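In what follows, a structure is listed as C-alpha cells, so that the remarks can point back to it.
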Amino acid sequence: MKKNYLKLTGLSLAIALLISSCMPEGETPMTSEAAKLANEVADAGSQEGGFENLRKSPNGVAYQEKFTNSIGFVPAEGFNPDLKLPAFYPGTGVGNATYMGKAYSFINQRAEFGPQGPVTVGAPVTMFFAEQLANEFGLTNIPDEVSSLTTDGKGNTIYFKNILNVTSPVSETRINFTADVEIIGGTGKFETASGMGKVVGFFNPGNGAGETTLRATIVF
C-alpha cells in the first residue's frame, strides 16, 4: 500500500478531526488514566481465580490497549483535491494490550462530505491490509464490518466495529478525539468476544503520527 501522509489545512483540517486511531503525548493526564486502568486490571487479576475466572463473568471484565500509531491518506474514487474528500485513512500501530502483552493494531476509516459537513465512518480494515494480515499474522476471512483490529501475532485477535467519532482540534499539529467501538469477535481466545469500548487519542494532521488508548468491557 502506498501511503501519502496527511498534509491538511483549512477545510481539510476539519476532515482530519474525524479520523480515529491515535493518542496522548508523553506524560499527560490521558497517560495517567491509562496507568490507573492498568493498575485496576492488575489488581483484579490478582484476586482469587485470577483472569481465567474474571473473563468468564457474564458482565465482562476490564480491557485496555495503548498504541503509538501512524495514519496514512489514500484518495478514494471521486476525490476532490480542494476538499481532500472522499479519502481513506488506513493506519497501523504498535503497543500493549491486556491479555496480550505486546500487540499490533490496524485500522481503516473513510472520510466524506455529508449533508452536515465532513463525516467519517469505519471502512473494512482488509481494504489495505488483507495481504499483510494474512501473510504476517495468519488472519483471513475477516468480516467487512471490522474497521480495526488488535492482534498479538500469536493467534489472538480482537475485532472492532467503529460506532461514533467525536473530535476536537487543539492546534495545527494536534487533534484530539474519542471514538465508541463495539467488539465483534476475533480469533484465538477472543473468537467469541463481545463488548463495548471507547478510544481516546490524538494525531498530527501534518504527518499522521499519534497515539491511542482504548478502554473497554469485554466478554470472552
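The values are calculated or read from the model by the stated rules, or taken from the named source; none is laboratory data. On a predicted model such as this, the values are computed, not experimentally measured, just so you know. Note: ideal-geometry Cβ built from the backbone for every residue, glycine included; neighbour counts use all protein chains shown. Accessible surface is based on the protein model in full, side chains and every heavy atom, while ligands, DNA and RNA are left aside. Shrake-Rupley method; radii C 1.70, N 1.55, O 1.52, S 1.80 Å.
Take the Cβ atoms of residue 180 and residue 134, set R0 to 35 Å, and the FRET efficiency comes out at 0.75.
Extension gain, residue 161-residue 219: 0.36 nm per intervening residue step, less the Cα-Cα distance, totals 19.3 nm.
Based on protein heavy atoms only, the stretch 64-220 ends up with 43 Å² per residue of surface accessible to a 1.4 Å probe. Between residue 189 and residue 113, what FRET efficiency comes out of the Förster formula 1/(1 + (r/R0)^6) with R0 = 41 Å and r the beta carbon distance, rounded to 0.05? Approximately 0.50, to the nearest 0.05.
If you wrap the Cα atoms of the stretch 87-220 in a convex hull and average its projected area over all directions, you get 8.0 nm².
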